[in-house]
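Structure, as structure tokens:
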Amino acid sequence: MKPSQAPSNFPSQKPSGNPSKLPSGSPSRSPSKMPSRVPTRPATSAPTGAPINMNLRVMFDKNPEQIKIKITNKKTLAELEFQGTEIIDDEKLRKYTVPLIPGVTYTLSVTDSGNDGLCDTTNFTCGYVYITNPFNNFAAQLLTQDIEAGKTVDFVPNNNIFP
């Protein structure tokens, strides 16, 4: 039989020489190396990602020992705490690496026992607290006026290249 020039609306009378196989009811002796497209278990609400190293940058004033920085996991209430230490040199910028889980909400809070925020009145500069991801995209920030007002900020870490 020769192929037709135009498709028909009904099957041909003669079957092909290579019939398809029906699936068996038992597992295969040689499973495929390709994963299934359907998940084998239901999704969970808990994040399963590994922590990513977020960057915590703090520009202190002349009294860093008055500053306490807290990052709190809102679900577990686990806290990471950073206390300012006496400045040995003129460098007031401190950098910390903080492992945080993507998709989890955290609260950043900063307290200042001197109640003057992060301002240095001798040279009129003010500090800050920033959290960025590995690509330096902001996740959270508190400026001196926020700290003086007792504000906190909630944030969710991510590993996105673009903000």
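The values are calculated or read from the model by the stated rules, or taken from the named source; none is laboratory data. Model, not experiment: these values are computed from the prediction. A quick note on method: Cβ atoms are made from the backbone with ideal geometry, for glycine too, and the neighbour counts reach across all protein chains shown. The accessibility values were calculated without ligands, DNA or RNA, using every heavy atom of the protein model including side chains. Shrake-Rupley method; radii C 1.70, N 1.55, O 1.52, S 1.80 Å.
Does D154 meet the test of being in contact (Cβ under 8 Å) with a residue 40 or more places away in the chain, open to solvent by less than 30 Å² (accessible area, probe 1.4 Å) and acidic (D, E)? Judged against the criteria, D154 is not a match. Per the listing A139, A149, the residue uniquely out of contact with any Phe, Trp or Tyr (no Cβ under 7 Å at 6 or more places or on another chain) and at pLDDT below 90 is A149. Selection within region 126-151: residues that are open to solvent by 50 Å² or more (accessible area, probe 1.4 Å) and of a type in the set (A, V, I, L, M). The member of this set that is farthest from P51 (Cα to Cα) is A149.
Cβ-Cβ under 6 Å, sequence separation 6+ or interchain: first residue in region 124-141 and under 12 Å from V110 (Cα atoms), partner of a type in the set (K, R) and open to solvent by 50 Å² or more (accessible area, probe 1.4 Å). Which pairs? These pairs meet every condition: Y130/R57. Of the candidates P35, P47, P39, the single residue that is at pLDDT below 90, within 20 Å of D154 (Cβ to Cβ) and open to solvent by 50 Å² or more (accessible area, probe 1.4 Å) is P47.
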